[in-house]
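The values are calculated or read from the model by the stated rules, or taken from the named source; none is laboratory data. Note that the structure is a prediction, hence the values are computed from the model and not measured. Here Cβ is always computed from backbone atoms with ideal geometry, including for glycine, and neighbour counts include all displayed protein chains. Ligands, DNA and RNA are stripped out before the accessible areas are found, and what is left, the full protein with its side chains, is counted by its heavy atoms. Shrake-Rupley method; radii C 1.70, N 1.55, O 1.52, S 1.80 Å.
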Amino acid sequence: MARTWEITAEELTEESFAPYGRIVAVPETPAPRSGEGWECWYGFAQLDNSLPINMGVVVSRVRPVVVEDMERHVHTFELLYPHGDDLVQPLALPLDLENPDAAPDPATVKAFRIPVGKGIIMHPGTWHSCAIPVERDTTYGFACGEPDYYYVPDWVPFPDGDTVQVTVAP
């Protein structure tokens, strides 16, 4: 029998996000390079990858955050960063990486609110849905390494037809 798992989107912190990946944010230290009207930090985060890195963009519209299925990339990270609005990103733990028939576990799903100015790098195999904007339709960018430019991910439903419904605090 299908079950609806109800969770609340969490603040994005290093500790709470660590099982799913790592956070990329504008450093709090003074910028090593700057000029009139700009500041630049370079090299404060790194992406190690032996595969070509493909970039993409998603147009995402405000809607209830209800997740029925997820995708994952078992051989690479995925970087995600919001453009014009905070995003809610539901994630499930990267379990059973060697099993091509694995499914996301709804009991491990957490949703994180990613503010503009921060991004996330998901661990290889982290299950994720599309990200949903909090207040207004927006775009977000993503990048991951894939063995083939024409790679098409499999969207895998939760077992037993379960869903996860996320509440987002204003």
- Putting +1 on Lys and Arg Cβ atoms and -1 on Asp and Glu Cβ atoms, find which of A111, V58, W38 reaches farthest to the positive end of the dipole of the chain. W38
- For segment 57-170, report the accessible area per residue in Å² (1.4 Å probe, heavy atoms, rounded to an integer). 48 Å²
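What Kirkwood Rh does the chain have if only Cα atoms enter the pairwise 1/r average? Answer in Å. Write out the running numbers ahead of the final one.
Working: mean 1/r = 0.0593 Å⁻¹.
This gives a value of 16.9 Å.
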- Message: For segment 75-153, place one equal point scatterer on every Cα, skip the solvent, and apply the Debye formula. What is log10 of I(q)/I(0) at q = 0.12, 0.14, 0.27 Å⁻¹?
- Response: -0.37, -0.50, -1.32
- Query: Please identify the trypsin sites (Lys or Arg not before Pro) of segment 1-43 that satisfy two criteria: DSSP loop assignment and at most 14 other Cβ atoms within 10 Å. Which are they?
  - Reply: R3
- Once V62 and V26 are pulled to full extension, the length gained, defined as 0.36 nm per residue separation minus their Cα-Cα distance, is 10.4 nm
- Accessible-area composition of segment 1-106, carbon plus sulfur, in percent [1.4 Å probe]: 52 percent
- Item | Segments 112-125, 82-95, 42-55 sorted - mean Cβ within 10 Å per residue, highest first | 82-95, 112-125, 42-55
- Message: For a quick check of understanding: with a 1.4 angstrom probe and all protein chains in place, what accessible area in square angstrom does Y20 have, to the nearest ten?
- Response: 10 Å²
- Which values of log₁₀ I(q)/I(0), to two decimal places, follow from the Debye formula for segment 17-111 at q = 0.24 Å⁻¹ with a uniform point scatterer at every Cα? -1.50
- Which percent, nearest 5, of DSSP beta bridges in the chain are antiparallel? 85 percent
